[in-house]
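The values are calculated or read from the model by the stated rules, or taken from the named source; none is laboratory data. Here the structure is a predicted model, which means the values were calculated and not measured. Glycine also receives a Cβ, built like all others from the backbone with ideal geometry; neighbour counts cover every protein chain displayed. The protein model used for the area step is the full one, side chains on, heavy atoms only, and it has no ligands, DNA or RNA in it. Shrake-Rupley method; radii C 1.70, N 1.55, O 1.52, S 1.80 Å.
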Amino acid sequence: MSFKNYYDILGIDSDADTAEIKEAFRVMTARYSSSTNKMDDFSQTMLKNLNEAVEVLANPEKRKAYDETRVLLDDSMRLSAVHQGIKPQDASRIAESILKHFEQEKRLKAKHESLLLVKNAPPAKHFTSVKVFLCLLVIGATTFYYHPDKFDFIKGTPEHEQRAYEWYTMDTTLIYAKPKTKSKVIHGVPAHTGFNGISETTFYIKITFTDANGKSREGFIKKKELEKNRTLIYPTP
Amino acid sequence: MKDINIAVYLVSGVCLLYLVLMYIIQKVKSSKQSYAVTKAQNEYNEAKAALEENKKKLIGLIGEVYGNSYAHMVSMGSLWQGMPMNLLMLAKGKANNVKQTADTNAITQIWTYSLFDEKSGKHTPNFEVVLKNGLVESWTELV
């Protein structure tokens, strides 16, 4: 720890009384507190030094110990000068420069600390994967609430669609009442509709279908309009 | 149906707006943080340069007063018998512990330098200097 000159920090003489110390503290504190960039490191350091100075100098016991140390330090430096055979003013110049050097070193340390503090500050966490997930969840839940039909894919293929049929229509196909070209058309089915043949002729397959009234009926479809399901595995008889 | 769609769009819009807002805030704060790091780094570099400059001047001053060989030894962190206390402070830094005894003839100080062990949280003394009347008398490397 470097020695600090509290009298210099407060801008007072070494014989100042307690009232002068407190007045100087008030004035200096106001100066650093009211600076435009009052929370910068320098102001903070100065305020800390001022607090430290007033705590020591306003307390008679602490002030006495501090003054003794100050004298001891001066004496050591003077003794150094005497034993080295150099002029007291040179010793004083060097002592001042060294103290200034240590003050600068301390300031550098403070700057380094503040740099580390800024560098190690936790990163902003406003846009997180959790928030994105929750938002998507809300959107999904709302959509599901209002449009459950859009989530049919979750349920999988309906049972009737899973069933394998023997025949499938290749396009929109007509169902005839009889296996004749000129017979009456009784129904129509869209492409890819599956059927199992009841019986078959050369050109027609007899099938059952459900008509518009929901009744199960029989009819005939032209073979050329059907596609045989070759993947179907027939049970062995 | 139209109302249903409006409700879905509204909820989706609010959610997306919220995410966009969070993203912007994140970007602004990150930029501010980067700026603060750059500023602190510049201030640190300036303070470091000023310190180096001042140390050069100080070594020059020591050279003028004590002689260049002593100034060189200080800059190298070397000690010598009769080295003044203030130069010791400059060469080796401030001691972690100073003990002082005084008799009628001299003031004796023992400066102990330590290494701080982060694991144990203790200072381990590794170098000791004995000063008499502010001048280095002897020094010992402690194991």
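The mean sequence distance of close C-alpha pairs (under 8 Å, at least 6 residues apart), as a share of the length of segment B:9-143, puts its relative contact order at 14 percent.
Using r as the Cβ-Cβ distance of residue B:26 and residue A:116, and R0 as 25 Å, what FRET efficiency do you calculate, to the nearest 0.05? E between residue B:26 and residue A:116, to the nearest 0.05, is 0.65. Note down the nm distance, to one decimal, between modelled labels 7 Å out along Cα→Cβ at residue B:78 and at residue A:45. It works out to 3.2 nm between the two label points. If R0 is 41 Å, the Cβ-Cβ spacing of residue A:17 and residue A:106 corresponds to a FRET efficiency of close to 0.90. For the pair residue B:99 and residue A:59, a Förster radius of 22 Å applied to the C-beta separation gives a FRET efficiency near 0.35, rounded to the nearest 0.05. Stokes-Einstein diffusion of chain B at 20 °C, 1.002 mPa s viscosity, Kirkwood radius from Cα pairs, rounded to a whole number: 104 µm²/s. Under a Gaussian network description of chain B, with springs only between Cα atoms under 10 Å, the residue in B:19, B:58, B:90 that fluctuates furthest is B:19. Taking 7 Å steps out from each Cα toward its Cβ at residue A:149 and residue A:71 produces label points 10.0 nm apart.
Just so you know, the Rg over Rh for segment B:1-76 is 1.69, from Cα atoms, with Rh as the Kirkwood radius. Buried accessible surface for the B/A chain pair comes to about 4500 Å², total over both chains, computed with a 1.4 Å probe.
Across B:129, B:37, B:20, mean-square fluctuation computed from a Gaussian network of chain B (C-alpha pairs under 10 Å connected) peaks at B:20. Phi angles across segment A:104-118 convert, under the Karplus curve 6.51 cos²θ - 1.76 cosθ + 1.60 with θ = phi - 60°, into 3J(HN,Hα) values of 5, 5, 5, 5, 4, 4, 4, 5, 5, 4, 5, 4, 5, 4, 5 Hz, Gly and Pro given as x. Rounded to the nearest 500, the 222 nm mean residue ellipticity of chain B from helices alone is -20500 deg cm²/dmol, with -39,500 (n - 2.57) taken per DSSP H run of at least 4 residues. Distance distribution note for segment A:164-228: the fraction of Cα pairs above 18 angstrom is 24%.
Taking the 1.4 Å solvent-accessible surface of segment B:1-76 as the whole, the part contributed by carbon and sulfur is 63%.
At the residue level, residue B:135 shows approximately 20 square angstrom of accessible surface with a 1.4 angstrom probe and all protein chains present.
The GNM of chain B, with springs linking C-alpha atoms under 10 angstrom apart, assigns the highest mean-square fluctuation among B:12, B:31, B:69 to B:12.
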